[in-house]
Each structure stands twice: as structure tokens, then as C-alpha cells.
Amino acid sequence: MAGLELGVKSGAIAFTDNQASTDNQASTDNQLPENPSLADAQTHTQDENFDIPTLTPTQEELHSFPTPSKPNAKKLSLSLLSIGLVILGLIGIPFAIYQYFSQTEGRIEQKVTQALASTPDLAVYRLEADVWRKQLKLTGRLPNPRLRHEAESIAQSKAPGFQLENNIIVVEQAPDPVEVAAKVQQVVTGINQIDGISISATFDGGKVTLEGSALPFTNIEKIDRAFSEIAGVEVVSNQIQIDPGSLASRIYFNQNSDRLRSVDTDVKILPIKQLMQRYPNLQLKIVGYSHSTEYNRETLALERAQTIQNILEDRGIDRRRIQAVAGKASPQDIAPNQPRWFSRCVLFEINSRYGE
């Protein structure tokens, strides 16, 4: 009985437990679904009794996440400063180079412009100089090629080493006849300052007519050129007369002698003295010659020239106005088959701007 009762009781207990389980299941079925998070929490609570594995330091490092570090303010400031200096250098250095070249170019432009403006023939025209790096450019208008070339030469002298680009335009203009006539008279005045030359000039319709007289050995071609270079002068008619009696052409000597014959002292030396006195600024050159049959030819030729120099000095002519030199061999116009005495002589040359 006891065993049966226990069995019953046990069965009752079992029944009761099963019934409770059934009731709990029914109750659970009748309830709403629970929050998954809460379920996980319950599951985690149920699993608390399980052992949690211990991680090694390496595993912890692998499973850990880096913590963001705070930026270093000092390093950030230095970086910003460096960037600012680099930007400033990239801007400032090209600007400084540009300023240097600009100032240099400005000085060259000013120098060339002032030189052109200070030249009398170019001062009345508007010429401009422009410099860029190593190139110099000239612009403007001029009446003739000669002035254009003159402006180019002045610019090159003031800016050596620069590549010159001459863009000056030559505009042919009919010169004013009054200005041309005035320029002709200016040239006449300048030429008449030379001792031994006395000329006059008239200008009409582009033609210059020259009249007057000049001493021997005067370079007439240079006088013509002085007038032909005037803008507006087309033709030069030269009627200047050479005075053959103003200067003795030759004085002759005996063989191997430097003594002057007495007859030549009055006939040939006197006119030379009078000419030197008439033109106090005249410079005279005496050239002595000798023949190949004479002794010490070069020394003898110089002594003959010095003889005439001493005679003129004794007659009141300043020695500093007289130059005595020895010529080479015989005079150029003497042929070898001509008489010997043709080579035993002295010649006279006048030193002047147009007589060189």
C-alpha cells in the first residue's frame, strides 16, 4: 500500500508537473511575442553558469578597436606656417624677379630716349624706345633713311648687348625751301672758318651753286659732299677757283745739298710767308725728297725740309705751325726716267679739315 501510495503520489506529482508544464505552455502560447533583446538577455542570464574563455593579450589586441587620438596643436601650427611660407615664396619670388626686370628695362628705355632727344637732328621728332627682356624696339617717324640709321646707331651705343628692332618708319616729306637755304648758309659759314678757303653759296630749286677760291691741296670733293648731304639739295654746282699762286708747289736743291738757292728765297719763300701771315691758323707741312743717286737719302730729305722750316721761322712764322718730314723715295708724280733734279725738292701740304 505504501508502495502503491507512493506510486500514486509519484504519479500524481508527475501528473501535476506535466499538467503544470502543459498549463505553462498554453499560457505561453496565449501571450504576445517577447522583445528579442529581452530574450537574448534571458538566454545570456541562463548561460551565465557557463565558463567564459580567457583571451591572451595578442587576442585582446586583435579584438580591440583603436581609440581616436587628439591632434597635436603645435605640429598643426608648424604645418600651417610651412604651407603659408611656401605659398608666399611661390608668389613673392616671381614678383621680385618681375620688379627687377621692370626697373632695369625702365632705366634702359630712359637712357635711350634721352640720348635720342638730345641729338639736334632727332630732337624735333617723336621717337620711342621700348625694352622687353633683351630686346630693344624703336618706333616713330623720320623724314629720311639717314636719320633712321643715326637713331639706330645711338640706340645701339646706349644699350649694348640688346637685340635691336628698328621699327622707325621713313616718311618722305618735301623739305621746306627756306629751311634748306638756311642750312646751306650754315655749312658755308663752317667751311669759311678754314684758313685758305673763302666761298659763297646760293640755293634755288634744289640746286646749290658754290663760288669763291681755295688754296691748293684743298679737298674739293669733301666740300661738295658737305652740301649734297643736306636734305632737299639735289645738285651741287662747284665753281670754286683754286689759287695757283698762293703757294709754291716745289723748291729744288743741288745734288747732295740741303742749301737753298738765293734766287728761291725771294721768289718762293716770300709768298709762303705772306700766306701764313694772312691765315694765322693755317698749318703747313713740308715734305723733303731726294734722288736715289744721293747719299743718306732719308736724312738728306729731312734736312731739306728743315731748311725751309728754319727760314720761315727766321721770318717770323711760329715754328709750331710748320711740320718738317722726310718723304719716301721720290715724289709720286716723278717717273724714273725723268731728270734727277726733279726728285731733289720739297713739297708743301696744307693741313685742314677739308684738305686732309
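The values are calculated or read from the model by the stated rules, or taken from the named source; none is laboratory data. What you are looking at is a predicted structure, and each value in this text was computed from that prediction instead of being measured. With ideal geometry, Cβ positions are generated from the backbone for all residues, glycine too; neighbour counts draw on all protein chains shown.
Determine whether ARG319 is of a type in the set (Lys, Arg), under 26 Å from GLN274 (Cα atoms) and in contact (Cβ under 8 Å) with a residue 24 or more places away in the chain.
Values: of a type in the set (Lys, Arg): yes; under 26 Å from GLN274 (Cα atoms): yes; in contact (Cβ under 8 Å) with a residue 24 or more places away in the chain: no.
No.
Look at LEU116 and say whether it is touching a strand residue (DSSP E or B) at 6+ places or on another chain (Cβ under 6 Å), of a type outside the set (Asp, Glu), modelled with pLDDT of 85 or more and not in a strand (DSSP E or B).
When the stated conditions are applied, LEU116 passes them.
Of all residues being of a type in the set (Val, Ile, Thr) and surrounded by fewer than 18 Cβ atoms within 10 Å (Cβ to Cβ) in the range 287-310, which is nearest to the chain's Cα centre (by Cα)? Just the residue, please. Walk me through how you get there before you give the answer.
Let us first name the residues in the range 287-310 that are of a type in the set (Val, Ile, Thr), namely 287, 293, 299, 307-308.
Retained after the next criterion (residues that are surrounded by fewer than 18 Cβ atoms within 10 Å (Cβ to Cβ)): 293, 299.
Numbers: THR293: 60, THR299: 52 Å.
For the range 287-310, the residue satisfying everything is THR299.
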